[in-house]
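Worksheet: the structure to be examined is printed underneath.
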4 protein chains.
Amino acid sequence: MIRFENDYAEGTHPRILKRLIETNEEQTPGYGTDEHCENARTYIRKACDAENADVHFLVGGTQTNMTIISSILRPHQGAVAAITGHIAAHETGAIEATGHKVLTLLSEDGKIQAEQVKELYEAHWNDVTHEHIVQPGLVYISHPSENGTTYSKSELEELSKVCRECGLPLFMDGARLGYGLVSKDSDLSLADIARLCDVFYIGGTKIGAMFGEAVVIMNDSLKKDFRYFIKQKGGLLAKGRLLGIQFETLFEDGLYYEISNHAVEMAMMIREAFVEKGFSLKYDSKTNQQFPILPNEVLMKLGKKYSFSMWEKVDATQSVVRFCTSWATKKENVELLIEDIKKLEYGCVNG
Amino acid sequence: MIRFENDYAEGTHPRILKRLIETNEEQTPGYGTDEHCENARTYIRKACDAENADVHFLVGGTQTNMTIISSILRPHQGAVAAITGHIAAHETGAIEATGHKVLTLLSEDGKIQAEQVKELYEAHWNDVTHEHIVQPGLVYISHPSENGTTYSKSELEELSKVCRECGLPLFMDGARLGYGLVSKDSDLSLADIARLCDVFYIGGTKIGAMFGEAVVIMNDSLKKDFRYFIKQKGGLLAKGRLLGIQFETLFEDGLYYEISNHAVEMAMMIREAFVEKGFSLKYDSKTNQQFPILPNEVLMKLGKKYSFSMWEKVDATQSVVRFCTSWATKKENVELLIEDIKKLEYGCVNG
Amino acid sequence: MIRFENDYAEGTHPRILKRLIETNEEQTPGYGTDEHCENARTYIRKACDAENADVHFLVGGTQTNMTIISSILRPHQGAVAAITGHIAAHETGAIEATGHKVLTLLSEDGKIQAEQVKELYEAHWNDVTHEHIVQPGLVYISHPSENGTTYSKSELEELSKVCRECGLPLFMDGARLGYGLVSKDSDLSLADIARLCDVFYIGGTKIGAMFGEAVVIMNDSLKKDFRYFIKQKGGLLAKGRLLGIQFETLFEDGLYYEISNHAVEMAMMIREAFVEKGFSLKYDSKTNQQFPILPNEVLMKLGKKYSFSMWEKVDATQSVVRFCTSWATKKENVELLIEDIKKLEYGCVNG
Amino acid sequence: MIRFENDYAEGTHPRILKRLIETNEEQTPGYGTDEHCENARTYIRKACDAENADVHFLVGGTQTNMTIISSILRPHQGAVAAITGHIAAHETGAIEATGHKVLTLLSEDGKIQAEQVKELYEAHWNDVTHEHIVQPGLVYISHPSENGTTYSKSELEELSKVCRECGLPLFMDGARLGYGLVSKDSDLSLADIARLCDVFYIGGTKIGAMFGEAVVIMNDSLKKDFRYFIKQKGGLLAKGRLLGIQFETLFEDGLYYEISNHAVEMAMMIREAFVEKGFSLKYDSKTNQQFPILPNEVLMKLGKKYSFSMWEKVDATQSVVRFCTSWATKKENVELLIEDIKKLEYGCVNG
């Protein structure tokens, strides 16, 4: 079985593993106060062109989302998010468990637009009963989105502008941030993101690290006491240096981009193969996740040799599935897959 | 100004006031352990044909909803409700503040159907990633709904059946329960409700009491330690006898129904007047709330003499508004309103 | 049975009842936006010599405590309180249910001193692991305390000074505030309290009202969005005018002080009788609660005719009990009690 | 600088590192459903002599404590713990953040006794106002305690007996469990613990793993839906196999005990040296943490060459400090330390 089902099926990128081995016997202080974490912070600030940023390291995405969001909101406020957003759909109510509603906006592609935020904000404040309604308190976006789509610089600029006008901190979930940064689709750089968001995180788990997410806090008013929140939410790793070492390796000489580029390149090859064969794509993703709509016969045929994940049933005869790539995706396996796609006899089913 | 804007504009029904006066100097133990509360419990159990019911008295609706719901759910569970449900829309996230998501179902009329619950339940358990999704933990309905619509006995029977099959306690918000009980629309009795729901409450605030909601717990497994929850959520009134006295008066000889009948009768007169004049109704309510769709000119004209509440804009020329009646609505005022409706010159605007 | 067991055994002061009757048919807007609430706010601001104060009305003490405290604290902060404080001991974890630890200080008499707050604050910040410890976020005191003791002006000034130096909002629970204001023991006025506290509440339930607590917010930074919090915690009464009418009556011409004076006068008579007979008092209360230490035989003898509450066992032969007075305590009953105390044959048991 | 300041200063035991390297390119499903996790579960069940145990893997201690405790308690219940317990003192209110009070018991040595639990339980239920007080809902103990002390089999049997009589689940925090299992002090085996506790965890982070805690649920009623809780609290690691691989290695052939034995042996050598020199120990620990009371001059002298942590000031001239050992503690470094202790000129300061 050749696996394309997710981007966390293997351990970690060999260069990270190497560094973990090299540093294993070093003695460091705990809880993220060691030199590796300090180095990683310096590299990340530089990559973000943001020397005043606060940088913290947490273990996983849900933990990071709930820690950040609950640190920002007051009790009567909620987080505005796309209805498809990870916090709205796939975190077992982690945000609600901290006391806050997720205020959802409709979205076809996983993104939300400035205009939607503006409308929700105005609807709230224009409602005479607004004190009976959860107040919007921040805006959550994912880049790339859960569907592989990305924000353009102008889209993010508009969103950021509206958020600032409304006094709503803008938080970007970057669990797969690298794939967005290198996507042909998006002209957004890390420095743009740092400039336009109040807080965001740079995902490690899905981009070559064993685990780990690097939170970057840009807005000074959100920086205070953040380490208390990490501890309270169970995210302050005793051996914090493990996170430092990983992000040091990812950011000291561009490994983060190298990994991201490889995965996206592999994904685009897969995309091309499906498109050329005449299959439709559910979402127009130029990142490491691809969502072809495939007839059942194709699913069965490909499923014998390759693993991928079921996304959603379209009707009795076809479904959306997801193919994922990562640092570990081997080109020869992608080529095998492409060969097999070419050989399929069902190319025009969506036609 | 003659007010039809809500059903809590006045103090309390004269007979309740009289009893509060008569008992004012009595000395009783606190926190709902007095004889008046005990009497009220007995009357309510009898009215519900449910001698094993636990009956508790709380002060207001939001408090009652959050106390009941948080007492039932485990941390990973949510409350299934219509998207228009009070807990979903108008309680400033009180449920989320106790840690739980409200899982919303679409609804045009404020009600939800058995089939919708079944689908949501099955969708959850059939999703292979269900551990990443909030688990449905109870079903919340309002009767009458926030839009004045009611459940029929067969509808509630189906809903109850599905809930029991799915292991989901069924909780009925009865903030305006009396108006539902006397509605020509619904054949549901208190005894039916007690038989079909796991827990519900009988609203006092909006049906003649100064304040107060009587919680009736039918399902034995939900009874344990309920007084702790009331205390923790700030609902255990020191002078609990005030609640006992009010519900004693409402239920000892049918005052609750008398009040409800009066209000619904007044509301139906208003409804008829609008309908006869050719106006449409947004919701088909046979209870104490009426939702005519009126053109701006009519709103302005009626608004000079009568108060009512804006519900929702239809378009630039017309809006849905709400007229409410209560124990305190005077027939002569309703007749004045009807006269004025008849005189309107805009009868066919919706045609 | 003549009852001295608490200060909420009866309904409400006759003048309040009269006003509720007079206003019963008035139509007012809901949720505390009516004229009675507005009048009450004006009277209270004047009584506090604080024209910029925000004044809100809630229903009960636990509700008020949890609403205020959770509105102030960030998630990693706790409320500093005496170990005997109501929020620490008798609210079923209502504060913890909003996510916050109560950080307790030892107290013999129910009060805390400036020095204790300073020490806790410094201990926190001097601990190198302080990010692993709940951060003190506000200071909660009760005046009078749960034991009937009161703060002097100089004590409150010192406490306020330390709190301001430490950046800790000072919150006074005034469930029995009136009794403290008129106590011979304390030279604190409402204006002093308004000047020295960031937020406090004026208790109604235990001082002649049917129910109700008036929150006074002095610190501008705590005022924002407070009505959202009231709604979310279930404290926004639909018929809010009931609260306005009660506090209007209590504060328009000094009824609040009149009630307080009467109760304290009655309590001091009871205190004198016990002291003259040679009994010790557990706490040196000059307010409406008295805590004599009585041998079992005395308890049994008095218990036949009078009700009072058990406070705590001293040893096998004697216990602390509580006698409470209120607006409703009749002088003739107090005189009867005093007669019976004089006749007791156990006057020197504590000697 | 030779470091004895904690037991998480290095990476991971070489055998674990080796296995992480060997398995790095394997493709596995995520979230703890892989074969390594399955193997680890089998080994742990066997080590616990508990084939029906549910075994889950989480990342860190605070996360594990809050996940377990919030999964067990209902909203009005609290966790009974020693005042020195980690959840009471050093987790930034993580338990309160899930809505629950920690009910503390006094403790000199970090342990609690059956009798104390019994007393607290009875005090609660005998208090007529118990509905106003947080109900004890489970008992939390640490073995070894935060002070290095351990429970004997008979102590745990008594505690377990009382807990079962009271209906209170017994939860053991085993962040340093291995050191307790091999301590000469304690006759408790893993099988005993599994038999006597309802739920416990086997700490990895402080016993040779990179990170990770293995939760063992014995009581069937606590097993339901536990993976939802892990996800909601941010503990469900995407690359769950990392946890599986580590615990597989620790438990397949006794590495967990080997590591524990080494660390405790090193600690006992240090203990002996201090004791022989005449220093007192604050706690009588036979585990990997040692707490000598040392005069300032000694602290300064040793501090130049060795790192250790300040525990608590005794007075102006001396303090309690902590020396910790682990898998990574080198015997030659311990011998150096012992030499230096022997050479100290302050051996009888505590005499």
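Miscellaneous remarks
- Members of the range A:58-92 found to be in a loop (DSSP other than H, G, I, E, B) and touching a His at 6+ places or on another chain (Cβ under 6 Å), listed by number: A:Leu73, A:His90, A:Thr92
- Residue in the range A:233-253 that is outside any loop (DSSP other than H, G, I, E, B), out of contact with any Pro (no Cβ under 8 Å at 6 or more places or on another chain) and over 19 Å from A:Arg15 (Cβ atoms) present: no
- Checklist (1) in contact with a strand residue (DSSP E or B) (Cβ under 7 Å, 6 or more places away or on another chain); (2) more than 7 Å from every other protein chain (Cβ to nearest Cβ) applied to D:Ala9, failing item: (2)
- Across the range D:78-94, the qualifying residues are those that are among the β-branched types (Val, Ile, Thr) and surrounded by fewer than 24 Cβ atoms within 10 Å (Cβ to Cβ), and the one among them that is farthest from D:Gln135 (Cα to Cα) is D:Thr84.
- The criterion of at least 2 residues that are more than 30 Å from B:Gly30 (Cβ to Cβ) is met, among helices (runs of 4 or more DSSP H) falling completely within the range C:117-220, by C:153-166, C:190-196.
- Exclusive hit being touching a residue at least 24 places away in the same chain (Cβ under 8 Å), in contact with a helix residue (DSSP H, G or I) (Cβ under 9 Å, 6 or more places away or on another chain), within 29 Å of D:His100 (Cβ to Cβ) and more than 14 Å from every other protein chain (Cβ to nearest Cβ), set B:Tyr140, B:Tyr151, B:Tyr179: B:Tyr140
- Test result for C:Leu188, within 16 Å of C:Asp173 (Cβ to Cβ) and within 14 Å of chain A (Cβ to nearest Cβ): no
- If you filter the range B:173-202 down to residues that are in contact with a Gly (Cβ under 6 Å, 6 or more places away or on another chain) and crowded, with 24+ Cβ neighbours inside 10 Å, you find that the one that is farthest from B:Cys324 (Cα to Cα) is B:Phe200.
- Within the range C:235-258, if we keep just the residues that are within 21 Å of A:Val128 (Cβ to Cβ) and of a type outside the set (A, V, I, L, M), the residue that is surrounded by the most Cβ atoms within 10 Å (Cβ to Cβ) turns out to be C:Arg241.
- Filtering the range D:35-52 to residues that are within 14 Å of another protein chain (Cβ to nearest Cβ) and surrounded by fewer than 17 Cβ atoms within 10 Å (Cβ to Cβ) leaves only D:Glu35.
- Residue within the range A:293-310 that is polar (S, T, N, Q), in contact with a helix residue (DSSP H, G or I) (Cβ under 7 Å, 6 or more places away or on another chain) and not assigned by TED's automatic domain parsing to the domain that holds A:Cys48 present: no
- Total residues in the range C:269-281, condition surrounded by fewer than 19 Cβ atoms within 10 Å (Cβ to Cβ), in a helix (DSSP H, G or I) and not β-branched (Val, Ile, Thr): 3
- Number of residues in the range C:212-240 that are at the interface with another protein chain (Cβ under 7 Å from one of its Cβ atoms) and at positive phi: the value is 2.
- Any hit, the range A:17-34, residues being under 23 Å from the mean Cα position of the chain (by Cα), within 11 Å of chain D (Cβ to nearest Cβ), within 22 Å of D:Ile21 (Cβ to Cβ) and buried (at least 17 other Cβ atoms within 10 Å of the Cβ): yes
- Residues of the range D:203-230 satisfying the condition of being free of Cβ contacts under 8 Å to residues at least 40 places away in the same chain and either buried (at least 22 other Cβ atoms within 10 Å of the Cβ) or aromatic (Phe, Trp, Tyr) (or both): D:Tyr228
- Note on the range A:215-232: residues that are within 17 Å of D:Val59 (Cα to Cα) and within 20 Å of the chain's Cα centre (by Cα) amount to 1.
- Residue count for the range A:18-49, restricted to those that are modelled with pLDDT under 95 and of a type in the set (A, V, I, L, M): 0.
- Selection from the range C:103-116 of residues that are in a loop (DSSP other than H, G, I, E, B) and not polar (S, T, N, Q): C:Leu106, C:Glu108, C:Asp109, C:Gly110, C:Lys111, C:Ile112
- Answer residue from the range A:316-328, given it is in a loop (DSSP other than H, G, I, E, B) and not hydrophobic (A, V, I, L, M, F, W, C) and is nearest to A:Pro14 (Cα to Cα) among those: A:Ser326
- The range B:68-89: number of residues that are touching a residue at least 24 places away in the same chain (Cβ under 8 Å) and either within 8 Å of chain C (Cβ to nearest Cβ) or over 19 Å from D:Gly99 (Cα atoms) (or both): 9
- Checking each residue in the range D:31-45 for being on the phi < 0 side of the Ramachandran plot and either in contact with a strand residue (DSSP E or B) (Cβ under 9 Å, 6 or more places away or on another chain) or without any contact (Cβ under 8 Å) to a residue 60 or more places away in the chain (or both) picks out D:Cys37, D:Ala40, D:Arg41, D:Thr42, D:Ile44, D:Arg45.
- Flag for C:Asn288 being closer than 24 Å to C:Ile44 by Cα, surrounded by fewer than 24 Cβ atoms within 10 Å (Cβ to Cβ) and either modelled with pLDDT of 95 or more or away from chain B (no Cβ under 12 Å) (or both): no
- In the set D:Lys161, D:Lys101, D:Lys111, only one residue is more than 14 Å from chain A (Cβ to nearest Cβ) and surrounded by fewer than 21 Cβ atoms within 10 Å (Cβ to Cβ); that residue is D:Lys161.
- Apart from one condition, D:Val55 fits all of (1) of a type in the set (A, V, I, L, M); (2) within 14 Å of chain A (Cβ to nearest Cβ); (3) outside any loop (DSSP other than H, G, I, E, B); (4) closer than 30 Å to D:Ile87 by Cα; the exception is (2).
- Residues that are under 19 Å from B:Arg176 (Cα atoms), in the same structural domain as B:Phe229 (by TED's automatic domain parsing) and in contact with a strand residue (DSSP E or B) (Cβ under 6 Å, 6 or more places away or on another chain) do occur in the range B:88-99.
- Residue match in the range C:329-344 (condition: under 24 Å from the mean Cα position of the chain (by Cα) and assigned to a helix (DSSP H, G or I)): yes
- Selection status of B:Val134, within 14 Å of chain A (Cβ to nearest Cβ), touching a residue at least 24 places away in the same chain (Cβ under 8 Å) and among the hydrophobic types (A, V, I, L, M, F, W, C): yes
- Residue within the range B:61-81 that is more than 17 Å from the chain's Cα centre (by Cα) and either acidic (Asp, Glu) or modelled with pLDDT under 95 (or both) present: no
The values are calculated or read from the model by the stated rules, or taken from the named source; none is laboratory data. All values reported here derive from a predicted model rather than from experimental measurement. Methodologically, a virtual Cβ is constructed for each residue, glycine included, from the backbone with ideal geometry; neighbour enumeration extends over all protein chains shown.
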